[in-house]
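The values are calculated or read from the model by the stated rules, or taken from the named source; none is laboratory data. What you are looking at is a predicted structure, and each value in this text was computed from that prediction instead of being measured. Please note: Cβ atoms are built from the backbone with ideal geometry, for glycine as well, and neighbour counts cover all protein chains shown.
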Amino acid sequence: MRTGYYDCHLHSQMSFDSHLTMNRIAEIAYDLDFSGITYTDHVDFDYPGLGDKVFDIEEYYKNLKRVQEKFAGKLEILGGVEIGMQPHLADRNWAFVEKMKPDFIIGSVHSCQRCDIYDGSFTAGKNQLQAYTAYLEEILTNIKAHTYFHVLGHLDMILRVADYPCRSFEASECKLLVQDILWELISTGRGIEVNSSGWRYGLNGPHPSFKIIKRYHDMGGTIITCGSDAHRTYSVGEDLKEAYQLVKEAGFKEMSLFVGGKEEKIVL
């Protein structure tokens, strides 16, 4: 049984929005005395305004092997991917991960209704409730279409990037949709990630919030990973220990780690 800290959401130079080398990430994680890391570089087909943002699988594995050999016996290093889910991309995403065969797959939503959620185009003309419910509805649709990922990434990301005063899913419509999302994940043998970047961006907590993590536990969820979502040197492993502590407070005794596509456990 594994112990220690594992950062399971990291972006290297293989991601279009990161300049960190795999080697540099591993060096930082080793200096932090972590037990292991998983690279989860972006695969975003048909990203609004940008087109296809994907990496070369052969080059990815060459870099991965080089770092694994360098840190053998010092740091467990795994290869994963973060797929950008959109309903019309389920087959293209599946073809990519089937070819890649990564250890770990995060399914994330970076765009909604074929609009970028980061640049304001998705929320334009929508009030808070309209935007939040549309976002959660699309997550649910994506979960049902993309049946092959292991954990849902940063479930409540919209709360950070949308310019609304309320940064929680307090409306009853939102609470019911979050419950539907969690139940769909649990009933199909998938889980959630606790993404510590929420602290970095001023949310005073991770993605998703502690309330959602606790709700997931109380509904019977057992698959849960933690990651810093680092794209820069300073953010590798940032607030990861705090995320682990919240997971423990929510009632979990173990974290999840995926090796060769299979879940293994980390004792908290």
Practice item. Kindly indicate whether Gly73 is among the small types (Gly, Ala, Ser) and either part of a helix (DSSP H, G or I) or buried (at least 18 other Cβ atoms within 10 Å of the Cβ) (or both). Key: no
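Evaluate the following for Ser256: is it under 15 Å from the mean Cα position of the chain (by Cα) and farther than 15 Å from Ile105 by Cα?
Values: under 15 Å from the mean Cα position of the chain (by Cα): yes; farther than 15 Å from Ile105 by Cα: no.
Taking the combined requirement at face value, the residue does not satisfy it.
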Check your understanding: Residue check, Ala134 against (1) closer than 22 Å to Ile223 by Cβ; (2) touching a Lys or Arg at 6+ places or on another chain (Cβ under 9 Å); (3) among the hydrophobic types (A, V, I, L, M, F, W, C), all met but one. Which one?
Key -> (1)
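Specify which of the listed residues (Asp33, Asp41) is modelled with pLDDT of 95 or more and part of a loop (DSSP other than H, G, I, E, B). Before you say what the answer is, go through the steps one by one.
Working: Asp41 fails: part of a loop (DSSP other than H, G, I, E, B).
Only one candidate qualifies: Asp33.
Just need a number here: residues in region 44-68 that are closer than 20 Å to Asp103 by Cα and in a loop (DSSP other than H, G, I, E, B).
Here the count works out to 3.
For the structure I just gave you, tell me whether Gln130 is modelled with pLDDT of 95 or more, farther than 25 Å from Thr225 by Cβ and over 18 Å from the mean Cα position of the chain (by Cα).
On the way: modelled with pLDDT of 95 or more: yes; farther than 25 Å from Thr225 by Cβ: yes; over 18 Å from the mean Cα position of the chain (by Cα): yes.
Answer is yes for this residue.
One line per residue, one yes/no per condition, for (1) buried (at least 20 other Cβ atoms within 10 Å of the Cβ); (2) of a type in the set (Val, Ile, Thr); (3) touching a helix residue (DSSP H, G or I) at 6+ places or on another chain (Cβ under 9 Å):
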position	(1), (2), (3)
Thr188	no, yes, yes
Trp199	no, no, yes
Pro208	yes, no, yes
Asp218	no, no, no
Gly227	yes, no, yes
Lys241	no, no, no
Lys248	no, no, no
Revision key, fill the gap. Residues of region 90-108 being more than 12 Å from Phe258 (Cβ to Cβ) and either buried (at least 23 other Cβ atoms within 10 Å of the Cβ) or under 15 Å from the mean Cα position of the chain (by Cα) (or both), in sequence order, are Asn93, Gly107, Ser108
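Which one of Ala162, Ala145 is crowded, with 17+ Cβ neighbours inside 10 Å, among the aliphatic types (A, V, I, L, M), over 21 Å from Cys226 (Cα atoms) and touching a Pro at 6+ places or on another chain (Cβ under 9 Å)? Quick ask: steps written out before the conclusion?
Numbers: Ala162 fails: touching a Pro at 6+ places or on another chain (Cβ under 9 Å).
Sole residue among the options that is crowded, with 17+ Cβ neighbours inside 10 Å, among the aliphatic types (A, V, I, L, M), over 21 Å from Cys226 (Cα atoms) and touching a Pro at 6+ places or on another chain (Cβ under 9 Å): Ala145.
For region 137-186, which positions are among the basic types (Lys, Arg) and touching a Ser or Thr at 6+ places or on another chain (Cβ under 6 Å)? I'd like the intermediate steps shown before the answer.
To start, the set of residues in region 137-186 that are among the basic types (Lys, Arg) comprises 144, 160, 167, 175.
None; the set is empty.
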